[in-house]
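Below is one structure, written out as structure tokens, with a few remarks after it.
The values are calculated or read from the model by the stated rules, or taken from the named source; none is laboratory data. The structure displayed is predicted, hence computed values, not measured ones. Note that each Cβ is placed from the backbone with ideal geometry, even for glycine, and that neighbours are counted across all protein chains shown. Surface areas here come from the heavy atoms of the whole protein model, side chains and all, with no ligands, DNA or RNA. Shrake-Rupley method; radii C 1.70, N 1.55, O 1.52, S 1.80 Å.
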Amino acid sequence: MITALLFLAQAVDPAVTKAKPLEAPRAAAPSSSTCDQPVIMVVAGPTRDRARMLAYGKAIAESRLYQQLGGYYLNAPQAVAQCEGSPPAGYTTLMVRFPCLENARAFWNSEAYQKQILPLRQNPSAGDYFVTVYPEVPLRDDLIGKVGDNGYRAEFDAAAVPQAKGTGQ
């Protein structure tokens, strides 16, 4: 279900699918930026209404909020293997990487997301999701040069995204 959202977002912005070349040390964010500690937003739960979630995913892609804030998908949301446990039917997990917590919050609290996009999956709920944000851990020294560099090389200004009034941090 949400796999279609991922592919839809990539279809709207082909740059989402480009891989970075392998490099040695992890590149740091530009020195003038205070947004230099990447985070992972995790969206997980069962989907109840596939058609509405497709419209929701299309709206996120068309908003270009991820592009403005440096967000991108880390995974396709459906598991390819089951190692332990049995999730509920329709359960999906999607991870979005942002350059910092401020940008993840700017996405979530943006006027566009709160007023135009989020309502597409509410009342009644199209899915029962948990949305949490985790700090990214640094690449271990033994993996430097062996794993792609995920360093941000550009600034993504959260202040440029209008925020909805009354949203909390």
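Taken residue by residue, the stretch 75-88 has no member that is aliphatic (A, V, I, L, M), open to solvent by less than 40 Å² (accessible area, probe 1.4 Å) and in contact with a helix residue (DSSP H, G or I) (Cβ under 6 Å, 6 or more places away or on another chain). Any chance the stretch 156-166 includes a residue that's assigned to a helix (DSSP H, G or I) and surrounded by 11 or more Cβ atoms within 10 Å (Cβ to Cβ)? Scanning the stretch 156-166, I find at least one residue that is assigned to a helix (DSSP H, G or I) and surrounded by 11 or more Cβ atoms within 10 Å (Cβ to Cβ), so the answer is yes.
Please go through the stretch 124-140 and give me each residue that is in a loop (DSSP other than H, G, I, E, B) and surrounded by 12 or more Cβ atoms within 10 Å (Cβ to Cβ), ordered by number.
Across the stretch 124-140, the qualifying residues are 125, 126, 128, 129, 136, 139.
Inside the stretch 44-58, can you point out the residues that are open to solvent by less than 20 Å² (accessible area, probe 1.4 Å) and in contact with a helix residue (DSSP H, G or I) (Cβ under 8 Å, 6 or more places away or on another chain)? Those that are open to solvent by less than 20 Å² (accessible area, probe 1.4 Å) and in contact with a helix residue (DSSP H, G or I) (Cβ under 8 Å, 6 or more places away or on another chain): 53, 57.
Only residues that are open to solvent by less than 40 Å² (accessible area, probe 1.4 Å), in contact with a Pro (Cβ under 9 Å, 6 or more places away or on another chain) and within 25 Å of residue 46 (Cβ to Cβ) were counted in the stretch 90-105, giving 4. Of the residues making up the stretch 19-26, one or more are exposed (fewer than 12 other Cβ atoms within 10 Å of the Cβ), within 17 Å of the chain's Cα centre (by Cα), modelled with pLDDT under 95 and not basic (Lys, Arg). Filtering the stretch 141-155 to residues that are in contact with a Pro (Cβ under 9 Å, 6 or more places away or on another chain) and open to solvent by less than 60 Å² (accessible area, probe 1.4 Å) leaves 145, 148, 149, 151, 152, 154. Scanning the stretch 106-123 for residues that are of a type in the set (Lys, Arg) and open to solvent by 30 Å² or more (accessible area, probe 1.4 Å) yields one hit, 115. Remark: residue 38 falls outside the filter, which requires a residue to be in contact with a Leu (Cβ under 6 Å, 6 or more places away or on another chain) and open to solvent by less than 50 Å² (accessible area, probe 1.4 Å).
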